Structures are given as structure tokens and as C-alpha cells.
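Asks: My questions will all concern the structure given below.
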Amino acid sequence: MKKRALVIPTDSVQTRILTIRGQKVILDSDLADIYGVTTKRLNEQVKRNARRFPLDFLFRLTPMGRREVVANCDHLTELRFSPTLPYAFTENGAVMAANVLNSAQAVRMSVFVVRAFIRMRELLTGSKELAMELKKLEAKLTARLDVHETAIVDVLRRIMQLLDPPPAPPMSEKSMGFHITMKRPAGKK
């Protein structure tokens, strides 16, 4: 009987990638789950091969960091009761973990992990570029708006002048035209 290979889609791995301390990371419990080992086994291998994991490959969460992760990620509620603080693996650390585990599934799944990190990086880069383009557009619109605002105010001023008729010219005593003056009968005021 053949053993079925466990395949976790890249999207599923991508949802486990978190931003902690400004870096995209995956926690040890999620990485162990993906690689098909226990968290204890993963962390044992990391400790045995500590020289392969410099600070830019993994770091330990602080108690405050753990509380934030537990509060924001429903699937990590078990971490609340863990006596040890979890490790956070960067992309390089996740690949190195697959190498030190040296299991067939870990090697297979490391491809999905790397693809998920790359996808997250592409999304982040795309959103930065979009934000820069929007900022440029906003600057152009603001500059044009000032010019257009002035033109609109000028047009409105002219319209208001057309709506308000000019005051009637004062009548002088020697004005042209036929004028009637009415005399009042004597005795009536």
C-alpha cells in the first residue's frame, strides 16, 4: 500500500506567515505542523544545530509578543499555556529547519514555504509600488486642483455678477424722457 503524500497548498502556508518585529516569519508550531513533525522535535533540531541559525534566521518571541500573537491568531490559542516562548523563523530559517530535519516531507514542504514567503514579498512590493503611484497622483491632483479651484471661483464670481442686476442709475433732474409729476389736491395731505 502506497503512503499518501501530505500536500498543503501555498495559500494555507501563506496564512500562517505573520509580521513580527517588521519581519515576515512563521512560528515554530506552524512550521512543525507543515513539516510533519512535533514542535518539540523541530526545536530540538534547532538547538542541536544552533550555529546554522543566526539571529536573522530565527528569534524567540517575548512574553508580550506571544500575547499579541495569541490575541490576533485564533489557531495559536494553545501557545497561551505553553511554558516556553515560541521561535519565529524567517524565510531563511524555515528553509534551514527543513535541512536540519532532513525528512522527506520537510524537504518537500520547504518548497511550499519558500513559495509562500515569495508570494508575500511580491504582494508587499506591489502594495508599496501602488502606494507610491497613488501618492504621485495625489500630488498631481492637488496641484491641478489649486489651478482649477481658482478658475471655478472666477467663474462663480462672474455668474454672481450676472445674477445680481446692476443698481439703477440715479435720476437727475434733467433726465431724458417723459416724466409725470402728480400734484396733490389742495387740502389733502
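The values are calculated or read from the model by the stated rules, or taken from the named source; none is laboratory data. Note that the structure is predicted; figures quoted are calculated from it, not measured. All Cβ positions, even for glycine, are placed from backbone atoms using ideal geometry, and neighbour counts span all protein chains on display.
Asks: Six or more apart or on different chains, Cβ under 6 Å: which pairs go from a residue in segment 1-26 that's within 20 Å of residue 86 (Cα to Cα) and part of a loop (DSSP other than H, G, I, E, B) to one that's at pLDDT 80 or above and aromatic (Phe, Trp, Tyr)? Could you list them?
Replies: Hits for this filter: zero, empty list.
Asks: While we're on this one: With surrounded by 15 or more Cβ atoms within 10 Å (Cβ to Cβ), among the charged types (D, E, K, R) and either in contact (Cβ under 8 Å) with a residue 12 or more places away in the chain or in a helix (DSSP H, G or I) (or both) as the only criterion, which of 66, 80 stands out?
Replies: Only one candidate passes the filter, namely 66.
Asks: Residues being polar (S, T, N, Q) and either touching a residue at least 60 places away in the same chain (Cβ under 8 Å) or touching an Asp or Glu at 6+ places or on another chain (Cβ under 6 Å) (or both): count how many of those fall in segment 92-109.
Replies: Within segment 92-109, residues that are polar (S, T, N, Q) and either touching a residue at least 60 places away in the same chain (Cβ under 8 Å) or touching an Asp or Glu at 6+ places or on another chain (Cβ under 6 Å) (or both) number 2.
Asks: Among the residues of segment 99-119, which ones are of a type in the set (Gly, Ala, Ser) and crowded, with 22+ Cβ neighbours inside 10 Å?
Replies: Passing the criteria: 106, 116.
Asks: Something else now. Under the condition of being of a type outside the set (A, V, I, L, M) and over 11 Å from residue 89 (Cβ atoms), which residue from segment 44-55 is surrounded by the most Cβ atoms within 10 Å (Cβ to Cβ)?
Replies: Here is the first cut: in segment 44-55, the ones of a type outside the set (A, V, I, L, M) are 44-45, 47-49, 51-54.
Restricting the remaining residues to those that are over 11 Å from residue 89 (Cβ atoms) gives 44-45, 47-49, 51-52, 54.
Numbers: 44: 14, 45: 19, 47: 10, 48: 10, 49: 14, 51: 6, 52: 14, 54: 11.
Going through the qualifying residues, I end up with 45.
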